[in-house]
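*Asks:* Questions regarding the structure given below will be posed in turn.
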Amino acid sequence: MLLWTRLKSRAAAHPEKLAVICGDTRLTYAQFVDQAEHLAHAWLRQGLRPGDRIALHLRNGIELATCYYACFAGGFVAVPVNTRLTPEEITYVLEHSGARAYLAQADLRISTSIPSWEFQFANENNGTLPVPNPDDPAMLLYTSGTTARPKGVNHSQRTLAGNASYMDSWGLRPDDHTLLFTAMVHASGAILLLISSLWIGATVTIIPVFDAAKVLDTWESSGATFYMALPTMIRALLAEQRTRPRRITSGRLALAGGDTVPVPLQEEYATTFGHPLVEGFGMTEGLPTVANHPDSNRPGSMGRPVGDVELRVVDGEMWMRGSAIAIGYWGDVPFEDGWLKTGDLVEIDQDGFVWFRGRKKEIIVRGGSNISPQEVEETLYRHPAVAEAGVIGEPDTYWGEVVLAFVAVREGHAVSAEELVAFSRQHLAEYKCPERVLFLPVLPKGATGKVQRRALKDLRSEAAAG
């Protein structure tokens, strides 16, 4: 079923139910459908045609949500633009996608030869909207480009609906109230939270910019039951709750991903908020494809395959395919037989739970023995003084590589490098333990909040050169 058709059926069945809330603006399902339909008609009248790419350079809000569904209604291709990109990076996305229109908030807009459009509606919805092919491109989500130029992940309405159905099978319900504060220009905000919630018939409260105090205040007043967040955000929420506790009793489901979710963090969260925080795995190419659930949770693991996801482990690397996996990359050939090669190294236990062992390109090889940076990081996170940890390989003339750890210390705590090395030796084989520990106020992170090991390698190289 098309996303637009599904939304209209929800509006027909429950027209007065709240669909999206942001600040003082509250739209029912009927009002949201009407607003998106007016916008789609406006774009058609201004000359855009189905298949045209529309770049959306907007912060979290009802405007961006409306733009997505106007694209689905009219058969346009939504191209969300990360609000943290530089003008040069934005220009690449606009040119690579072949965007026909560029819609941006005034303070974000860059100079470009692509026509800049305003957020405006048609006066009336005369005429019939085109019926998109569910297998045609519907959304291009550009990856963070950690190794090269960003790739445009090509999702159709069918694959986006597949992602939404995964959340349905995972446990999201029509009576849930989703709190959305991750960036809606990323897959987690756009697909996992917004599209999935509206597909299921839930209500979504959008917070424009992440602020821990604002999130907790909104959570307390809204009675939200579900959200997804990055581990860095979870830590900020816990710190804020310790500082000024709120009375939060409505939480039912909390999903964390985008980076490893240390078990101590999950335990602290459950103690603080009274319901489990579970870890899940997903990529821009499809999410959540592997996840724990409060009723089936194995802390430390990524969880088990969701929905119709199939997994293969080839030379340690996880391959996956399913109805939610993207068509492929824009301007490139589709995935071979539908299999997405994730680049993630995993193990699968006898109960089907998947355990992350590192990135294929980030494995440290010490004297012929492979070391997972993630395994060392997990151990460091078990120390009460460690707020953030990142591990990379450091060249060594004898071993080839040895383990180098970067650590940010939790506020109010103190620890030495020697203490952390000794702590690691209590839990890890000798060859896996850090040879050195370097301290930073905070660790470098990418656009999604994930610790960037490549940036840590650059810091190591600069220190060595200096």
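Read the figures in this text as sums done on the coordinates, not as results from a lab. Predicted model only: the values in this text are computed from it and were never measured. FYI the Cβ positions are ideal-geometry reconstructions off the backbone, even for glycines, and counts take in every protein chain you see.
*Asks:* When DSSP assigns beta bridges and you keep just the ones with both residues in the chain, what percent turn out antiparallel, to the nearest 5?
*Replies:* Rounded to the nearest five, the antiparallel share is 60 percent.
*Asks:* Report the full-extension gain for the segment Arg49 to Ser250: residue separation times 0.36 nm, less the Cα-Cα distance, to one decimal in nm. List each step's numbers first, then the result.
*Replies:* Values: separation 201, 0.36 × 201 = 72.36 nm, distance 4.38 nm.
That works out to 68.0 nm of additional length.
*Asks:* Continuing with the same structure: Per the Kirkwood formula on distinct C-alpha pairs, the Rh of the chain is how many angstrom?
*Replies:* For the chain, inverting the mean 1/r across all distinct Cα pairs yields 23.2 Å.
*Asks:* DSSP loop trypsin sites (Lys or Arg not before Pro) in the range 43-88 with at most 13 other Cβ atoms within 10 Å of their Cβ, which ones? Walk me through the numbers on the way to the answer.
*Replies:* Details: sites: Arg45, Arg53, Arg59, Arg84; in loops: Arg59, Arg84.
Hits after loop and neighbour filter: Arg84.
*Asks:* For Val442, what is the net charge nearby, where nearby means another residue's Cβ is under 12 Å from its Cβ and Lys, Arg count +1, Asp, Glu -1?
*Replies:* Numbers: positive: Arg235, Arg410, Lys445; negative: Glu388, Glu411.
My count for the surroundings of Val442 gives +1.
*Asks:* Let me ask something additional. Count the lysine pairs in the chain that are 8 or more places apart or on different chains: how many have C-alpha atoms under 14 angstrom apart?
*Replies:* 5
*Asks:* Report, to the nearest 10°, how far helix 231-243 tilts away from the longest principal axis of the Cα atoms in the chain, using its own Cα long axis and a range of 0 to 90°.
*Replies:* Approximately 90 degrees, to the nearest ten.
*Asks:* Let me ask another. Rounded to the nearest 20 Debye, what is the dipole magnitude of the chain about its Cα centre when Lys and Arg each give +1 and Asp and Glu each give -1 at the C-beta? Don't skip to the end; give the middle numbers.
*Replies:* Details: 44 positive and 53 negative charges, 105 e Å.
It comes to approximately 500 debye.
*Asks:* Out of residues 5 or more away from Ala104 or on other chains, whose amide H comes under 5 Å of its own, with H placed 1.01 Å from N in the peptide plane?
*Replies:* Those qualifying (amide H under 5 Å, at least 5 residues apart or on another chain) are His57, Trp117.
*Asks:* Summing +1 for each Lys or Arg and -1 for each Asp or Glu, what net charge is found among the other residues whose Cβ lies under 15 Å from the Cβ of Glu411?
*Replies:* 0
*Asks:* Determine ³J(HN,Hα), in whole Hz, for all residues of the range 261-274 in sequence, where each value follows from phi through the Karplus function 6.51 cos²θ - 1.76 cosθ + 1.60 and θ = phi - 60°; x replaces Gly and Pro.
*Replies:* Using θ = phi - 60°, the values come out as 10, x, 4, x, 5, 4, 5, 5, 4, 4, 5, 6, 10, x Hz.
*Asks:* Follow-up. Which of rounded, prolate or oblate describes the range 362-465 when judged by the alpha-carbon gyration tensor and an a/c cut-off of 1.5? Show your work: numbers first, answer last.
*Replies:* Details: a/c = 1.60, a/b = 1.16, b/c = 1.39.
It comes out oblate by the Cα gyration axes.
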